[in-house]
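The structure appears right after this line, and notes come after that.
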């Protein structure tokens, strides 16, 4: 329970219920973004066998990052955590130099 309390403090969360919802949103978003990225690459025909790994993996990671950011907000919406994740997104994007 100490770990959960430490995470709640770090994430600036007051209730255990909100903590649970936020962890669910992170879990769904991570799995869904990976699935969508794989399907997107197959749809457009980008396969690892056809590319140099030095080119393929950075493209895949960059695409995965952007898909994850969009999905994080979309998945947070039905869980009622959009405001929390919008603040979270703004912090992340500011670190990458994108002012929102």
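Values quoted throughout were computed directly from the atomic coordinates according to the rules given, and no laboratory measurement underlies them. None of these values were measured; they are calculated from a predicted model. When we count neighbours, we look across all protein chains shown, and the Cβ atoms used for this are built from the backbone with ideal geometry, even at glycine.
So, in nm, how far is label residue 70 from label residue 92 when the simple model puts each one 7 Å beyond its Cα toward the Cβ?
It works out to 1.4 nm between the two label points.
Taking R0 as 25 Å, what FRET efficiency do you get between residue 77 and residue 100 from their Cβ-Cβ distance, rounded to the nearest 0.05?
0.90
Which distance in nm do the two modelled labels at residue 46 and residue 59 give, with both placed 7 Å along the Cα-to-Cβ direction?
0.5 nm
Using only DSSP helix segments of four residues or longer, with each worth -39500 (n - 2.57), what per-residue ellipticity at 222 nm results for the chain after dividing by its residue count and rounding to 500?
That comes out to -26000 deg cm²/dmol.
At a threshold of 8 angstrom on Cα-Cα distance, excluding pairs fewer than six apart, so keeping six or more, what relative contact order does the chain reach in percent?
Result for the chain is 27 percent.
On a full-extension model of 0.36 nm per residue, what is the gain between residue 18 and residue 35, subtracting their alpha-carbon distance, rounded to one decimal in nm?
3.5 nm
Rounded to the nearest 10 degrees, what's the angle between the helix 16-44 long axis and the longest principal axis of the chain, both from Cα atoms, 0 to 90?
Tilt of helix 16-44: around 10 degrees.
Just the projected area, averaged over all directions, of the convex hull on the alpha carbon atoms of region 2-95: how many nm²?
Seen from a random direction, the Cα hull of region 2-95 projects 7.5 nm² on average.
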